[in-house]
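No value in this document is a laboratory result; all are computed from the given coordinates. Remember, it's a predicted structure, so these values are computed and weren't measured experimentally. Heads up, the Cβs are rebuilt from the backbone with ideal geometry, glycines too, and the neighbour counts pull from every protein chain shown.
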Amino acid sequence: MTVDLAITGGRIVDQGQSREGDLLIADGVIAGVGAPGSAPSDTGEIIDAAGHLVIPGMIDVHVHTREPGWTHKEDITTCSQAAAAGGVTTIFGMPNLRPPTTTVETLREVLDLYAAKSVVDYNHNPAASNPDQIAGMAELGIAAYKIYMVVDTGREYPHPAGTGMHDHGHLLEMFETIAPTGLPFMVHPHDQGIMDLIEQRYWAAGDRSPEAYAKTLAAYDGVIWDTAIGVLLRIAEATECPLHIVHAQTSRSIEMIRQAKERGLRVSAEANHWTLFLGSWDDVTTLGPYALSYWVPDHHKEATWEALVDGTIDMANSDHAPHTREEKEVGWTDMWAAHTGTPGIQYQLPLLVDAVGKGQMSIERMVEVTSNAPARIFGLGQKGSFVPGVDADVTVIDPDLEWTITDEDVLSRIGWTPYAGRTIRGKVIRTLIRGRDVYRDGTVVGAPGFGKQARPTTRPENGV
């Protein structure tokens, strides 16, 4: 086999192991991992990665591209460019679009948009709200379904009609319908009735501030999350449907997930950048709408980190959720009128590398939660590792480079990040997909349309 490309002299990290060596690539796939100096003399191109980390490209299964319908915030090209700069090689888009992805027809249209516009590889999680659409969606090569246990109060976004569901009977029906496909059901947990009661008390008092919004979602030590996750786990157990829980962020729900795994349930969970690196009370009071997403009290943040390290939480996904400054600014006076969510796809991996440097987790565990586990849990047998024959999706990182995040460097269309001014150690130097550069030396070099659909090729292995 002729080796087209060798990445030499770096610290190669994959599947719980770390060693110095050469990563060999041929015809866009991994040819092997050899000892330092093992690259053949006739190798086509050699990348010197001495002093750098060489890891499988990050797979981010929770990304809001905003296209179609909300392209003033973001589109597939700008989102995928930010992904490439952040060392992310595969993204899964979310269905809260306009029109929302609720049918086979709208799913096909969205996949066509990715094929024309994405710099990185992709898939899309359609909303599982119509039972008669489920089988047809699976035939289009999706890797998961998505639903929100929430409906927006007094606004149509970010959870448009068709993407929200909090009736337990409807949820049970969808779990039953999805189970035969073998694909994971990704659910945003939320107890709408409790949320309605608590938020209306703040409204009655005339308080619609960011602090009031944050307290509402964290009320009674996270009861909105805990009750919803309890329901989801029980329905998943009853239907034997694989369940993926997004936004793991409370100690009680994490313990429920841990116990469910011990009972053998096919359940997985994710943490997001705003839980790990944002979401403190200081963030809420100083950044206000720019930090919301949610308030994550310190003891819950500590529990989330512990669960991410010990394997109870399987992966770290960005929940990249860009909104314009205008859509955020209104939140200072009425947070319920602001669009909630925070951008993160460009900076989550560097922030995790910084956390490794600070001793919060090992580099081997970081690669597990960003690459190995997402590929395994969502059945992407061609992604997420350096096993020979797997797509050569590679991220090269300088773990010692200290730098400061700025709004000026943001590639997302919105042009801002809640991490502006934060100095971290660890930066993405190069991102390759199928052996081709998409990001190199500070510049996105991949072209729109280079990305391909990452279809499941193996049976998903949710969390067990």
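Side notes on the structure shown:
- Listed values for the stretch 240-256 are Karplus-derived 3J(HN,Hα) couplings in whole Hz (6.51 cos²θ - 1.76 cosθ + 1.60, θ = phi - 60°), namely 6, 9, x, 10, 10, 9, 8, 6, 4, 7, 10, 5, 5, 5, 4, 5, 4, and x replaces Gly and Pro.
- 3J(HN,Hα) couplings calculated from phi for the stretch 446-451 with the Karplus curve 6.51 cos²θ - 1.76 cosθ + 1.60 (θ = phi - 60°) are, in sequence order, x, 9, x, x, 6, x Hz; Gly and Pro show x.
- Nearest-ten-degree value, helix 76-85 long axis tilted from longest Cα axis of the chain: 60
- Database remark: amide H of ILE12 closer than 5 angstrom to the amide H of ARG19, GLU20, GLY21, VAL54 (H placed geometrically; neighbours at sequence offset of 5 or more, or on other chains; Pro and chain starts carry no H).
- Angstrom value of the Kirkwood radius, inverse mean 1/r, which spans all Cα pairs in the stretch 153-256: 15.0
- Using θ = phi - 60° in the Karplus curve 6.51 cos²θ - 1.76 cosθ + 1.60, the 3J(HN,Hα) couplings for the stretch 222-234 round to x, 4, 4, 7, 5, 5, 5, 5, x, 5, 4, 5, 5 Hz; x is entered for Gly and Pro.
- Within the stretch 58-163, the trypsin sites (Lys or Arg not before Pro) that combine a DSSP coil assignment with at most 16 other C-beta atoms in a 10 angstrom radius are ARG155.
- Its Cα centre serving as origin, the stretch 57-377 has a Cβ charge dipole (Lys and Arg +1, Asp and Glu -1) of approximately 220 debye.
- Packing around the peptides 167-173, 372-378, 307-313, taken as the average count of other Cβ atoms within 10 Å per residue, puts them in this order, highest first: 372-378, 307-313, 167-173.
- Relative contact order of the chain, defined on C-alpha pairs under 8 angstrom at six or more residues apart (%): 22
- Distant-in-sequence amide H partners of ILE46 (H built 1.01 Å from N, under 5 Å): ALA6
- For the stretch 100-230, diffusion coefficient by Stokes-Einstein and Kirkwood Rh (Cα), 37 °C, 0.692 mPa s, µm²/s: 201
- In terms of surrounding Cβ atoms within a 10 Å radius of their Cβ, VAL54, VAL33, VAL88 rank from fewest to most as VAL33, VAL54, VAL88.
- Between the alpha-carbon centres of the stretch 254-329 and the stretch 384-457 there is a gap of 22 Å.
- Scaling the Cα radius of gyration of the stretch 59-157 by the globular reference 2.2 N^0.38 Å produces a ratio of 1.04.
- Fully extended contour minus Cα-Cα distance, from LEU197 to ASP334, at 0.36 nm per residue: 47.5 nm
- Restricting the GluC sites (Glu not before Pro) of the stretch 216-295 to loop positions (DSSP other than H, G, I, E, B) with no more than 15 neighbouring Cβ atoms within 10 Å leaves GLU240.
- Added length on full extension, which subtracts the Cα-Cα distance from 0.36 nm per residue, ALA50 to ALA161: 34.9 nm
- Only beta bridges with both residues in the chain are counted; by DSSP, about 50 percent of them are antiparallel.
- Highest mean first, the peptides 77-87, 451-461 sorted by other C-beta atoms within 10 Å per residue fall in the order 77-87, 451-461.
- Highest-first packing order for the peptide set 211-217, 195-201 is 211-217, 195-201, based on the mean count of other beta carbon atoms within 10 Å.
- Helical mean residue ellipticity (222 nm; -39500 (n - 2.57) per DSSP H run of 4+; nearest 500) of the chain: -9000 deg cm²/dmol
- In the stretch 183-303, Cα pairs under 8 Å separated by at least six residues give a relative contact order of 29 percent.
- Residues ILE257, ILE55 in ascending order of nearby Cβ atoms (within 10 Å, fewest first): ILE257, ILE55.
- Using a simple spin-label model with pseudo-atoms 7 Å out from Cα toward Cβ, ASP310 and TRP403 lie 3.6 nm apart.
- Kirkwood Rh, Cα atoms: Rg over Rh of the stretch 234-322: 1.02
- Mean projection area, nm², convex hull over Cα of the stretch 336-431: 8.2
- Amide H to amide H, with H built 1.01 Å from N, SER293 comes under 5 Å of GLY341, THR342, counting only residues 5 or more places away or on other chains.
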